[in-house]
Structures are given as structure tokens and as C-alpha cells.
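K.L.:
Pasting a structure below so you can have a look.
The values are calculated or read from the model by the stated rules, or taken from the named source; none is laboratory data. All values reported here derive from a predicted model rather than from experimental measurement. Ideal geometry is used to build each Cβ from the backbone, glycine not excepted, and the neighbour counts take in all protein chains shown. The area values use the complete protein model at the heavy-atom level, side chains included, leaving out ligands, DNA and RNA. Shrake-Rupley method; radii C 1.70, N 1.55, O 1.52, S 1.80 Å.
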Amino acid sequence: AATLRAQTVEDTSFTSPDGERVLQQEIVVDASLTEVWQTMTTSEGLRTFVAPTITVELKTGGDWFANYKVGSKVGDPGTIHNIVLNYLPMKMFSIRIGLTDFFPREVRDAHTLFEVLMFHDLGNNKVKVVDSIVGWKDGPGWDKTYEFFRQGDEATLKVLYRRFKDGPIDWSKK
């Protein structure tokens with residue numbers, strides 16, 4: 001039962017007391033806290049499971065660039081530019097989400113979406129990763145974006161789990 005739970009992304013989304021939606025998902029991965037932290041907060045680590053092209057400056061105000069196309073480089077069409085807000089080593093990492101032209105203009109122009117990743121050492125080489133996105137507003141464009149991130153973040157957390165189970169992704173085979 002514990003193995004099945006570890007492979008499952010749990011949706012723990014909620015509405016805050018002031019009525020704001022919080023998109024929140026969790027997964028337990030089989031790795032040490034140090035391994036998970038390095039994998040999720042460094043360019044080299046993120047390249048092992050998120051995208052083939054990623055550069056991250058782990059510092060307040062640092063740039064976080066990603067492009068999901070194999071063979072791409074930072075700055076090519078489709079490059080995502082997030083900004084690191086802050087971090088607490090081995091505990092929390094947060095970014096302001098930068099949206100591409102794929103998303104509705106009202107959502108892109110609001111600049112209100114922030115992602116917070118929290119890391120909880122459960123012992124026995126298990127870490128719970130909690131991924132939350134805040135800053136949602138109401139409307140069809142916001143609902144479409146929320147659903148995109150709900151599905152996308154669930155898929156990313158599952159790939160994170162597999163990264164520790166099966167090893168890094170070989171982007172040359174994609």
C-alpha cells in the first residue's frame with residue numbers, strides 16, 4: 001500500500017479563507033532529501049526529468065529558463081522565463097511563473113501566479129514534495145490555465161517519481 005501511495009499524485013487543492021484558489025499536489029519519492037533538493041533546484045538536476053534545456057540561478061531574483069523542445073536553447077521560441085523569488089535550503093523553493101503566448105492574455109498580463117515547492121523529509125529515504133500554485137483569479141481564461149497546470153504539474157510529479165525509480169531521462173532518445 002505504501003508503494004502504491006508513493007506513485008500517486010495526491011490533489012490537495014483548496015480554497016483559502018479569503019476565497020483564493022490554491023492548486024496543490026503532492027507526491028512521495030524514494031530518495032534522500034539532498035537528492036530531491038539537488039534534482040529540483042539545479043539546472044543539472046532539472047534536466048534529468050523536466051526538460052532538455054533548463055538553466056536556473058538558485059538565488060533570490062535569479063532566472064529560471066526552460067524549453068521543452070529537444071535541441072533547443074534558452075531564448076528559442078517556447079522558452080519559459082520564471083523568476084526565483086526565494087528559497088530555504090532543503091525546505092522550500094518559490095518562483096514567479098512566466099507564461100508564454102500559449103496562455104490567455106489576461107492571465108499573462110496579471111503576473112500573479114506563483115509556485116511554491118516544499119520538501120518534507122519523511123525518513124527512510126522518502127521525501128514528500130508539495131507543489132502549490134497561488135495567485136488565481138476568476139474567469140474562463142483563468143480556469144483554462146488552472147486546468148493546464150493541474151494536469152501538467154501532476155504529470156511532472158509523476159516523472160519526478162520515475163526519475164528516482166528508473167533514472168534520468170535520456171533526451172537524445174526523445
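K.L.:
Which residue is farthest from T39 (Cα to Cα), if the candidates are limited to region 85-135 and must be out of contact with any strand residue (DSSP E or B) (no Cβ under 8 Å at 6 or more places or on another chain) and among the small types (G, A, S)?
P.N.:
Checking each candidate, the answer is A110.
K.L.:
What are the residues in region 68-123 that are under 15 Å from I54 (Cα atoms), aromatic (F, W, Y) and more than 17 Å from the chain's Cα centre (by Cα), if any?
P.N.:
Those that are under 15 Å from I54 (Cα atoms), aromatic (F, W, Y) and more than 17 Å from the chain's Cα centre (by Cα): none in region 68-123.
K.L.:
Among (1) under 16 Å from R21 (Cβ atoms); (2) charged (D, E, K, R); (3) outside any loop (DSSP other than H, G, I, E, B), where does K137 come up short?
P.N.:
K137 satisfies all of (1) under 16 Å from R21 (Cβ atoms); (2) charged (D, E, K, R); (3) outside any loop (DSSP other than H, G, I, E, B) except (3).
K.L.:
What number of residues in region 139-164 are touching a residue at least 12 places away in the same chain (Cβ under 8 Å) and either among the hydrophobic types (A, V, I, L, M, F, W, C) or in contact with a Cys (Cβ under 6 Å, 6 or more places away or on another chain) (or both)?
P.N.:
7
K.L.:
Being open to solvent by less than 30 Å² (accessible area, probe 1.4 Å), over 21 Å from Q151 (Cβ atoms) and touching a residue at least 40 places away in the same chain (Cβ under 8 Å) narrows it down to one residue among F93, F49; which is it?
P.N.:
One residue alone meets the criteria, F93.
K.L.:
So, in region 153-174, how many residues would count as being open to solvent by 30 Å² or more (accessible area, probe 1.4 Å), in a helix (DSSP H, G or I) and closer than 24 Å to V28 by Cβ?
P.N.:
Looking only at that region, the number is 10.
K.L.:
Additional query: Given the conditions (1) open to solvent by 50 Å² or more (accessible area, probe 1.4 Å); (2) within 30 Å of L33 (Cβ to Cβ); (3) out of contact with any strand residue (DSSP E or B) (no Cβ under 7 Å at 6 or more places or on another chain), report the number of the one that R150 does not fulfil.
P.N.:
It fails just one condition, (3).
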